[in-house]
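K.L.:
Sharing a structure, written as structure tokens. Questions coming.
Read the figures in this text as sums done on the coordinates, not as results from a lab. A quick note: this is a predicted structure, and the numbers were derived from the prediction, not measured. Here the Cβ positions follow ideal geometry from the backbone for every residue, glycine too, while neighbour counts run over all protein chains shown.
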Amino acid sequence: MQRIIYRELRSTPKVWGLMALCGAFVAAAGFSVLYVEEYGHIVTGMNNQIVWGLPHVFAIFLIVAASGALNVSSIGSVFGKMAYKPVARLANVLAVALLVGGLAVLVLDLGRPDRLIMAMYTYNFTSIFAWNILLYTGFIGVVAVYLYTLMARGVSPRTQKMVSLVAFLWRLALTTGTGSIFGWLVARTAYDSAIMAPLFIAMSFSFGMAMFMLVMILTTSVSNRVYSPELRTRQARLLGVFVAAVLYFVLVHHLSNIYLAKKTAYESWILLNGGIYTLLFWVGQVLIGGIIPLVLLFHPKIDVKKGYVLLAALLVVIGGLAQLYVIVVGGQAFPLDIFPGFEVSSSFSDGVVASYRPTLLELSLGLGGVALALMLAGLAMKFLRIVPENLTDDNVDPVLLTD
Amino acid sequence: MIRRFISVLVMAALLVTPSYAEELLPDIPKATGEPHPEGNEYWRINHPTLLRHDRDLTVIDGIRDVNASLAQCVACHAVKGPDSAPVTYESPEYFCRVCHDFAAVQINCFECHKSVPDGAELTGLLPLSRQDEMATLQAYIDGAGQ
Amino acid sequence: MTMPASEKGAEISRRDFLKSGAALASVTLAPGVTLMAFGGNASADGLKPGARWGLLIDAAKCPSDCSACVSACSAEQGWENNGLDTDPQWIRKVTLRDKKTGRENSLPVMCQHCDEPPCVDVCPTGASFKREDGIVLVNRHTCIGCRYCMMACPFKARSFVHEPVTNQKTISPRGMGTVEGCNLCVHKIDRGDGTTACVEACTATGHNAMMFGDLNDPESEIAKAVSTYASQELRADLGLNLGVRYQNI
């Protein structure tokens with residue numbers, strides 16, 4: 001077993017091409033932000049009924065995936081799985097990059113992003129949103145320290161274990177906070193539930209692992225490095241478990257809602273009559289994001305079927321975006337039940353399902369966030385020694401040598 | 001030789017420049033009404049802090065006539081345009097813009113606040129107990145015009 | 001560079017000076033006594049101590065074809081709803097039909113000025129806040145436009161300003177990128193009008209479906225009404241202790 005060698009990425013034309021592609025998306029997002037700043041949110045599809053739209057779907061996906069990407073290195077440091085240790089550095093950097101990408105989208109969609117500095121020192125501590133802002137910025141600091149313990153010489157294993165534990169607990173708090181942004185809203189039938197926090201934790205495991213594997217596959221193929229099939233297989237199986245966990249929490253959430261008489265109307269709408277939301281739930285979230293990846297990831301020959309792993313990870317990401325669309329937009333589209341037992345109508349869309357047509361501006365902002373995250377990760381890979389060069393099966397786990 | 005010549009030229013230019021300074025500073029339009037008792041210098045330096053502090057008093061504590069409301073500032077400092085109507089924030093001759101454009105410090109008060117007086121600064125915001133005073137004054141002024 | 005017209009302000013005749021509208025803002029009544037000028041005899045108005053402003057709305061007196069309250073609020077506060085999903089609506093008329101009995105009803109819905117407002121809890125900067133006298137409003141100086149309060153409100157009371165605003169009312173500053181909603185005509189309350197634009201309009205039509213007053217003042221009409229006749233809160237199950245109460249829904 002060799003020592004793992006980390007080396008910066010070489011600037012090949014492929015790498016440049018990918019960075020340029022990401023740069024183009026980031027530029028498009030920049031244009032979109034300037035346009036919305038000039039003309040107001042009226043140029044987007046968001047309105048007074050659907051206040052959070054496609055940008056928020058992407059932002060929340062990135063933030064949830066960021067927390068899950070850190071999990072990859074936590075598995076190595078906190079849970080002691082040797083095979084995951086070589087990829088810990090990359091996982092840490094990816095976690096920060098994804099978070100920054102998500103935050104960028106969130107902040108740039110504000111009605112008054114010019115007031116961001118003021119928002120950093122004017123806090124309302126009863127707001128879970130305010131707590132989240134602190135958790136997000138703290139996360140970046142904690143992960144930076146964690147990365148230092150991974151990369152610096154002379155750091156004792158005890159210190160590293162302690163820091164990694166703090167990071168792991170921090171990310172659990174962060175994701176619980178993100179889920180509670182929705183779970184603590186009593187107003188809306190779709191959200192008002194304690195299960196949102198554990199659901200988001202499960203989602204973070206799943207999306208984070210999927211994003212990490214996609215980035216790992218892309219990086220190793222672009223830089224002609226090895227992605228240990230053994231590690232890849234273990235991660236694939238673990239991703240399968242995470243996907244199952246997400247399906248479990250979704251099942252419990254909806255079953256509980258169906259049982260509660262006051263939530264039955266919402267459930268029958270989202271599961272049967274919700275149009276695009278029903279489609280995205282069953283086909284996007286459950287089928288594409290759940291069942292098909294499960295079938296692929298638990299295939300007996302997954303260790304040789306590289307393509308299945310790539311496809312499964314991609315489908316999990318797509319399914320995740322669909323899931324967040326159903327949660328964020330679907331939850332707002334269903335009318336508020338202000339007068340239980342009455343049919344309601346007004347000039348302010350009371351009693352009717354709200355309509356939302358996302359515009360290209362919103363899509364470009366969301367994709368720009370993803371591109372920004374990938375760009376930042378790419379830059380880090382170029383200038384820091386975080387990607388292992390010799391991640392072969394032999395070097396991943398000494399136990400395997402005995403096979 | 002050339003170096004010395006150029007340095008003398010530069011020094012001469014620097015010495016002469018201050019005399020242009022008066023034309024470089026903005027021409028601040030005079031306000032109507034009584035001058036601030038604290039003096040213009042005080043207000044020039046402290047108006048950002050005072051505005052920010054007083055707006056909190058008004059919005060959060062409901063105290064409406066701290067010194068003057070923003071609407072009353074707007075009324076005294078209104079600048080008449082070519083049609084004798086006060087110019088809005090759109091015009092570079094607007095009172096606040098004269099200095100703020102010069103200093104390149106953007107203000108966004110008037111994205112929300114109305115930038116011209118419309119009489120409401122008197123009757124719209126004063127407590128009712130003092131509105132009788134306004135009525136008396138208005139009557140006096142209408143009479144004075146005859 | 002041309003001189004701005006008001007450069008000559010200090011030199012015009014006293015008569016012209018007094019006639020110009022702006023001069024009213026500060027006039028010397030006597031040497032050393034300036035009306036309404038800076039510092040001077042300004043007393044802190046502040047809030048009525050111990051007050052809790054609220055509304056009582058009798059849905060039985062509210063006809064389905066009347067929206068005087070909506071028009072009055074719109075005219076007073078300077079917002080317009082032309083039917084677009086992005087247009088603001090601080091107060092709206094809601095038509096109800098009982099699913100079981102078929103009985104129809106109509107009533108206005110606006111910010112309910114909760115005692116435990118979810119919008120205040122969730123605002124990250126504290127821009128959405130509750131004044132000491134119970135009025136829940138948005139401090140637009142601090143609002144960053146995140147719209148989380150709009151997600152949190154059980155009554156959909158808030159609107160987001162989706163486009164640049166021009167020609168605002170002086171008493172109601174509003175601008176793009178911030179969130180707004182019914183503020184119980186806080187400017188009218190602070191100057192002692194003792195009513196809101198919607199209640200004023202409803203009274204003027206003769207329907208008298210809306211009443212405004214201090215819920216904490218046992219002598220006020222509204223306190224006497226709610227302690228005598230049955231009234232209810234919307235979404236009472238949420239336990240938010242609303243400042244707006246309804247009768248005969």
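K.L.:
Kindly provide the trypsin sites (Lys or Arg not before Pro) of the range A:105-193 that DSSP labels as loop, not H, G, I, E or B, and whose Cβ sees at most 16 other Cβ atoms within 10 Å. Don't skip to the end; give the middle numbers.
P.N.:
Numbers: sites: A:ARG115, A:ARG153, A:ARG158, A:LYS161, A:ARG171, A:ARG188; in loops: A:ARG153, A:ARG188.
When the trypsin sites (Lys or Arg not before Pro) of the range A:105-193 are filtered for loop state and at most 16 Cβ neighbours within 10 Å, A:ARG153 remain.
K.L.:
What residues have an amide H closer than 5 Å to that of C:SER128, excluding those fewer than 5 places away on the same chain, when H is modeled at 1.01 Å from N in the peptide plane?
P.N.:
For C:SER128, whose amide H was placed from the backbone, the distant partners under 5 Å are C:ASN139.
K.L.:
Next question. Can you find, among B:THR58, B:ILE2, B:LEU15, the residue sitting farthest towards the positive end of the charge dipole of the range B:2-118, where Lys and Arg contribute +1 and Asp and Glu -1 at Cβ?
P.N.:
Going by the Cα projections, it comes out as B:ILE2.
K.L.:
Taking 7 Å along the Cα-to-C-beta vector as the label spot, tell me the A:ALA144-C:ASP65 distance in nanometres, rounded to one decimal.
P.N.:
Once both label points are built, they end up 6.8 nm from each other.
K.L.:
Can you give the angle from 0 to 90° between the axis of helix A:196-222 and the longest principal axis of chain A, with both taken from C-alpha atoms, to the nearest 10?
P.N.:
50 degrees
K.L.:
Is there a quick way to get the dipole size of the range C:54-206? I mean about its Cα centre, with the Cβ of Lys and Arg at +1 and of Asp and Glu at -1; what is the value in debye to the nearest 20? Mind dumping the intermediate values first?
P.N.:
Working: 17 positive and 18 negative charges, 56 e Å.
Using only the charged Cβ atoms, the result is roughly 280 debye.
K.L.:
I would also like to ask the following. Looking only at other chains, what is the average number of their beta-carbon atoms within 10 angstrom of each beta-carbon in C:79-86? Please list the in-between numbers first.
P.N.:
On the way: counts 0, 0, 3, 0, 1, 3, 12, 10.
Taking the mean over all residues of the peptide, I get 4.
K.L.:
If you don't mind, another one. Kindly provide the Kirkwood hydrodynamic radius of the range A:232-311 in Å, to one decimal, from all pairs of distinct alpha carbon atoms. Each step should come with its number before you reach the end.
P.N.:
Values: mean 1/r = 0.0718 Å⁻¹.
One decimal place: 13.9 Å for the Kirkwood radius.
K.L.:
Please turn the phi angles of the range C:56-70 into ³J(HN,Hα) values with the Karplus equation 6.51 cos²θ - 1.76 cosθ + 1.60 (θ = phi - 60°), one per residue in order, whole Hz, x for glycine and proline.
P.N.:
10, 10, 9, 5, 5, 8, 9, x, 6, 9, 10, 9, 4, 4, 5
K.L.:
Still on this structure, I have one more. Based on the Cβ-Cβ distance of A:LYS301 and A:LYS262, what FRET efficiency does E = 1/(1 + (r/R0)^6) give at R0 = 60 Å, to the nearest 0.05? Intermediate values should be presented prior to the final figure.
P.N.:
Numbers: r = 48 Å, r/R0 = 0.80.
After rounding, the FRET efficiency stands at 0.80.
K.L.:
Quick query: amide H of B:ILE63 versus all other amide H atoms, modeled in the peptide plane; which residues come in under 5 Å with a sequence gap of 5 or more or a different chain?
P.N.:
Correct list: B:THR58, C:GLY46.
K.L.:
A further question on this structure: With 10 angstrom as the radius, rank A:TYR148, C:TYR246 by how many other C-beta atoms surround their C-beta, starting from the fewest. Provide the component values of the computation, followed by the final result.
P.N.:
On the way: A:TYR148 13, C:TYR246 20.
With the sparsest Cβ surroundings first, the list reads A:TYR148, C:TYR246.
K.L.:
Sum up the charges of everything whose Cβ sits under 9 Å from the Cβ of C:THR196, counting Lys and Arg as +1 and Asp and Glu as -1, but leave C:THR196 out. Don't skip to the end; give the middle numbers.
P.N.:
On the way: positive: C:LYS188; negative: C:GLU76, C:ASP193, C:GLU200.
For residues surrounding C:THR196, the net value is -2.
K.L.:
Report, in debye and to the nearest 20, how large the dipole of the protein assembly as shown comes out about its Cα centre when Lys and Arg carry +1 and Asp and Glu carry -1 on their Cβ. Before the final figure, lay out the partial values.
P.N.:
Working: 63 positive and 66 negative charges, 744 e Å.
My answer is approximately 3580 debye.
K.L.:
If you don't mind, there's one more thing I want to ask. Take the alpha carbon atoms of the range C:45-168, find their radius of gyration, then divide it by 2.2 N^0.38 Å using N residues; give the quotient. Walk me through the numbers before you get to the answer.
P.N.:
Details: Rg = 16.2 Å, N = 124, 2.2 N^0.38 = 13.7 Å.
With N residues counted in the range C:45-168, Rg over 2.2 N^0.38 Å equals 1.18.
K.L.:
Still on this model: Calculate how steeply helix A:13-39 sits against the longest principal axis of the alpha-carbon atoms of chain A, using the helix alpha-carbon long axis, and give the answer as 0 to 90 degrees to the nearest 10.
P.N.:
Roughly 20 degrees between the two axes.
K.L.:
Report, ordered by chain and residue number, the lysines lying within cross-link reach of A:LYS382, taken as a straight Cα distance under 21 Å and ignoring same-chain residues fewer than 8 apart.
P.N.:
Hits, sequence-local ones excluded: A:LYS14, A:LYS85.
K.L.:
Can you show me the helix-derived [θ] at 222 nm for chain A, built from DSSP H runs with n ≥ 4 at -39,500 (n - 2.57) apiece and divided by the number of residues, rounded to the nearest 500.
P.N.:
Values: 15 runs with 254 residues, N = 403.
-21000 deg cm²/dmol, from helical runs alone.
K.L.:
Another question about this same structure. For peptide A:37-44, compute the average count of partner chain beta-carbon atoms within 10 Å of each residue's beta-carbon.
P.N.:
The mean count of partner-chain Cβ atoms within 10 Å per residue comes to 5.
K.L.:
Per residue of the range C:163-169, in order, report the coupling 6.51 cos²θ - 1.76 cosθ + 1.60 (Karplus, θ = phi - 60°) as ³J(HN,Hα) in whole Hz, putting x for Gly and Pro.
P.N.:
Couplings: 9, x, 10, 10, 6, 6, 7 Hz.
K.L.:
Treat every Asp and Glu Cβ in chain A as -1 and every Lys and Arg Cβ as +1, leave all other atoms uncharged, and give the resulting dipole magnitude about the Cα centre to the nearest 20 debye.
P.N.:
Numbers: 26 positive and 18 negative charges, 274 e Å.
Approximately 1320 debye in magnitude.
K.L.:
A further question follows. What nm value, rounded to one decimal, do you get for the distance between A:ALA24 and C:LYS224 when each label is placed 7 Å out toward the C-beta?
P.N.:
Roughly 7.6 nm, to one decimal.
K.L.:
Give me the inter-chain shielding for C:172-183: mean count of other chain Cβ atoms within 10 Å, whole number please. Walk me through the intermediate numbers first.
P.N.:
Numbers: counts 5, 9, 4, 8, 11, 13, 5, 3, 1, 0, 0, 1.
Taking the mean over all residues of the peptide, I get 5.
K.L.:
Starting from the Cα of A:ARG385, step 7 Å along the direction of its Cβ; do the same at A:ARG10; then give the gap between the two resulting points in nm.
P.N.:
Output for this residue pair reads 1.7 nm.
K.L.:
Shifting gears a bit: For chain A, with the dipole built from +1 on Lys and Arg beta-carbon atoms and -1 on Asp and Glu ones, taken about the Cα centre, which of A:GLY17, A:LEU315, A:LEU98 lies farthest toward the positive end?
P.N.:
A:GLY17
K.L.:
Separate question: Based on the Cβ-Cβ distance of B:ILE107 and B:LEU25, what FRET efficiency does E = 1/(1 + (r/R0)^6) give at R0 = 22 Å, to the nearest 0.05? Mind showing how you got there, number by number?
P.N.:
Values: r = 19 Å, r/R0 = 0.85.
After rounding, the FRET efficiency stands at 0.70.
K.L.:
I would also like to ask the following. Consider a paramagnetic label point 7 Å from the Cα of A:LEU287 along Cα→Cβ; state which residues of the range A:259-280 have an amide N under 14 Å from it.
P.N.:
A:276-280
K.L.:
Let me ask something else about it. Using alpha carbons only, how many degrees (0 to 90, rounded to 10) separate the axis of helix A:360-383 from the longest principal axis of chain A?
P.N.:
20 degrees
K.L.:
Among the aspartates and glutamates, select those whose C-alpha is under 16 Å from the C-alpha of C:LYS130, and discard any that sit fewer than 8 residues away in the same chain.
P.N.:
The qualifying aspartates and glutamates are B:ASP56, B:ASP61, C:ASP115, C:GLU116, C:ASP121, C:GLU180, C:ASP190, C:ASP214.
K.L.:
Still on this structure, please answer the following. Dimensions of the range B:2-118 along principal axes (Cα, Å, largest first)?
P.N.:
69, 35, 28
K.L.:
Okay, next question. Taking amide H positions as placed in the peptide plane 1.01 Å from N, state which residues far from C:ARG245 in sequence (5 or more) or on other chains have amide H under 5 Å from it.
P.N.:
It is C:LEU55, C:LEU56, C:ILE57, by chain and number.
K.L.:
Okay, next question. Determine the relative contact order of the range C:53-247: mean sequence separation of Cα pairs under 8 Å and six or more apart, normalised by residue count, in whole percent.
P.N.:
On the way: 361 pairs, mean separation 57.5, N = 195.
29 percent.
K.L.:
Rounded to the nearest angstrom and ordered from largest down, what semi-axes does the equivalent ellipsoid of chain A get from its C-alpha gyration tensor (root of 5λ)? Could the numbers behind the result be given before it?
P.N.:
Numbers: eigenvalues 270, 114, 81 Å².
Here the semi-axes work out to 37, 24, 20 Å.
K.L.:
Considering only DSSP states other than H, G, I, E and B, which trypsin sites (Lys or Arg not before Pro) in the range C:149-229 qualify as loop sites with at most 14 other Cβ atoms within 10 Å?
P.N.:
Values: sites: C:LYS156, C:ARG158, C:LYS169, C:ARG174, C:LYS188, C:ARG191, C:LYS224; in loops: C:LYS156, C:ARG158, C:ARG174, C:ARG191.
Those that pass, being in a loop and sparsely packed, number zero.
K.L.:
Separate question: Which GluC sites (Glu not before Pro) does the range B:62-117 hold that lie in a coil by DSSP with at most 16 other beta carbons within 10 Å?
P.N.:
Details: sites: B:GLU90, B:GLU93, B:GLU111; in loops: B:GLU90, B:GLU93.
Qualifying residues, ordered by number: B:GLU90.
K.L.:
Please work out the FRET efficiency for the pair A:ASP394 and A:VAL155, using the Cβ-Cβ distance as r and a Förster radius of 25 Å; give the result to the nearest 0.05. If you can, show how the numbers build up before the last one.
P.N.:
Working: r = 26 Å, r/R0 = 1.04.
With a Förster radius of 25 Å, E is 0.45.
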